[in-house]
Structures are given as C-alpha cells and as structure tokens.
Amino acid sequence: METGFSDKERKKLLASGVDPDRFSHEEQRDMKERILPAFKRLIEICGDDPSREGMEETPFRALKAFLEYTKGYGTDPADHLATTFPAQNQDLVLIRDIEFFSLCEHHLAPFYGKCHVAYIPKQRITGLSKLARVVEGYARRFQVQERMTEQIADAVMDRLDAQGAICVIEARHMCMAMRGVAKPDAVTTTSAIRGIYHDDSDLRMETMNLIKG
C-alpha cells in the first residue's frame, strides 16, 4: 500500500515551497485517500466533470495550492526575528508596502494587500528582510486581518524588546468582492499600536504620516 507522496508529487510540492516531509506518512496517505476524492466530489457538486481533459490533475493542484497558501503553519513566524544586531540609536524603523496574500478563515477566500511595520528599538534591531518574512509567515495561514495585524505587532515587541511598534494592514477581501455584498473596491484597514506609541501622540502621528506617504 502506498503510504506517501510519489517522487513526482514530492517534486511538485517542493517547487511550490512546500516541504512534504512536514507531513507524516499517515497524513500523506490521508490526503491522497480522503482529500483528493473530496476535491473531485466538490467539482462534481459544483456542476463539472473532474475526469474531463484539463481537470484530471485539478484535485492534486488544489491540494498543493492550499498547502502552499498555508505553509506559515510549518514554522513560528516570530522566529525570523531571532537574529538581531546592536541598535546604534533609538530612531524609528519603518518598512512600508510589504505585499502579502492570505486566506480568510471564514470562507477560505483570498484577501491581499499591503502591510506597514514600524518600531522604535531599545537595544536591538533586526534585518529589514526579517520583518517581511514575519508578515509572510503570519499571512500564509487561515487568517482574519485583525488578528494578523496584532500578531505582527506583538512579534516585533516581544522578540526585539522594542520600545513601541505599529502594524497597519490595508487589504481587499475576495469574500466581499466576489460574494455577499459584492463590493470589489472596498479596502479594509486595521492597525495595532504597542508600547510608547500609546502615550506619545506626536510620535504616533509622525509614524502614521510616514506610513501614509
């Protein structure tokens, strides 16, 4: 009995940035014996034929896509902030327009947009790319925008021992654009404010103005 992904399937997963060894043989077998047939049945329920040309590989492609969308579960995103350097000063650090894609946990529909992360260091700073990796790690999960915003700000505060942090996310949600109220131009903005930003209104305003550009 086959207990895991074939070599061909493993290569396809690895090409998508998904480590197949993250899953046990039992989990891999469960995906192939239960999840792939469920995708086929879903296609049938929606009104199409999963065996027709062009659709034969769709169940595996859909599985692979969902594993790629949610690969943030494989690690703790905050661990990207483990590497730090001495701060030469305590001036603002800001990265704007970090693009991300995520899945709404309510409808499994995509939401996407830009994330802005700012912090005031105390004694340590981190590499700029690490902040983008934190955003990516939390985005690649089933999410709600409000929680993702808080998770990013909390990770910066906790792992860098920062004096203050702000995370602002602006996103479009396909669950609002394609269904329900069907408002494709609606943009949702969330913010999380931590540390000295709560008490220093001038610093908070300065940072928000820089975020707005």
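The values are calculated or read from the model by the stated rules, or taken from the named source; none is laboratory data. Quantities reported herein were computed from a predicted structural model and do not represent experimental measurements. A quick note on method: Cβ atoms are made from the backbone with ideal geometry, for glycine too, and the neighbour counts reach across all protein chains shown. Note: areas computed on protein heavy atoms with side chains; ligands, DNA, RNA excluded. Shrake-Rupley method; radii C 1.70, N 1.55, O 1.52, S 1.80 Å.
Of the residues making up the stretch 109-130, those that are more than 14 Å from R159 (Cα to Cα) and either without any contact (Cβ under 8 Å) to a residue 24 or more places away in the chain or out of contact with any strand residue (DSSP E or B) (no Cβ under 8 Å at 6 or more places or on another chain) (or both) number 1. Here E33 qualifies as open to solvent by 90 Å² or more (accessible area, probe 1.4 Å) and over 30 Å from D202 (Cβ atoms). The strands (runs of 3 or more DSSP E) located wholly in the stretch 105-213 that include 2 or more residues which are within 23 Å of T70 (Cβ to Cβ) occupy 110-120, 164-173, 188-195. Evaluation of S102 against the conditions (1) closer than 30 Å to A182 by Cα; (2) open to solvent by 80 Å² or more (accessible area, probe 1.4 Å); (3) of a type outside the set (V, I, T); (4) not in a helix (DSSP H, G or I) shows that the sole unmet condition is (2).
In summary, T189 fulfils each of the numbered conditions (1) out of contact with any strand residue (DSSP E or B) (no Cβ under 6 Å at 6 or more places or on another chain); (2) without any contact (Cβ under 8 Å) to a residue 24 or more places away in the chain with the single exception of condition (1). Consider the stretch 41-93 and keep the residues that are open to solvent by 50 Å² or more (accessible area, probe 1.4 Å), outside any helix (DSSP H, G or I) and among the hydroxyl-bearing types (S, T, Y). The one that is farthest from G195 (Cα to Cα) is S51.
Yes or no: the stretch 143-152 includes at least one residue that is surrounded by 19 or more Cβ atoms within 10 Å (Cβ to Cβ), touching a residue at least 24 places away in the same chain (Cβ under 8 Å) and among the hydrophobic types (A, V, I, L, M, F, W, C). Yes, there is a match, as at least one residue in the stretch 143-152 is surrounded by 19 or more Cβ atoms within 10 Å (Cβ to Cβ), touching a residue at least 24 places away in the same chain (Cβ under 8 Å) and among the hydrophobic types (A, V, I, L, M, F, W, C).
The set of residues in the stretch 113-129 being more than 15 Å from V168 (Cβ to Cβ) and either within 21 Å of the chain's Cα centre (by Cα) or open to solvent by less than 30 Å² (accessible area, probe 1.4 Å) (or both) consists of I120, P121, T126, G127, L128, S129.
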